[in-house]
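The values are calculated or read from the model by the stated rules, or taken from the named source; none is laboratory data. No experiment lies behind these values; they were computed from the predicted model shown. Every residue, glycine among them, receives a Cβ derived from its backbone with ideal geometry; neighbour counts consider all protein chains shown.
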Amino acid sequence: MIAALATLLAFQLAGEALRVALHLPVPGPVIGMALLLVWLIIRRGPGEPLRHTSGTLLQNLSLMFVPAGTGVMLHVGRLADEAWPIAIALVASTVLGIVAAGLTLHRLTRHKKDAQ
């Protein structure tokens, strides 16, 4: 589980490094998610440790909204100043999330069909 979390964190940090280096208006974790998606496509899917860790994180996803909600309430002015980058990040992360979920479901259903 530690190795899988380190992998996820490494992609997040790589996305942040690219954001800073290229002065992009998109948050680093969104860029990191895109890099992770490309890496998973090249690898033809996640390994078992990454799949298990991702499943565990998704089960506890609601816990992540508490700090996010608090941050929104505390920084409303800053959010208003950065409306376009936030909108771009929301759209990009939603699209990437849907693509990742679709590819995962497709791979899982194909794997189950091949097993039968």
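Considered as a group, the residues in the stretch 38-49 that are at negative phi and more than 13 Å from the chain's Cα centre (by Cα) include one that is surrounded by the most Cβ atoms within 10 Å (Cβ to Cβ), and that residue is Pro46.
Note on the stretch 13-37: residues that are modelled with pLDDT of 85 or more and assigned to a helix (DSSP H, G or I) amount to 14. With a requirement of 2 or more residues that are within 19 Å of Pro27 (Cβ to Cβ), modelled with pLDDT under 75 and of a type in the set (A, V, I, L, M, F, W, C), the helices (runs of 4 or more DSSP H) lying completely within the stretch 46-94 that satisfy it span 65-74, 76-81.
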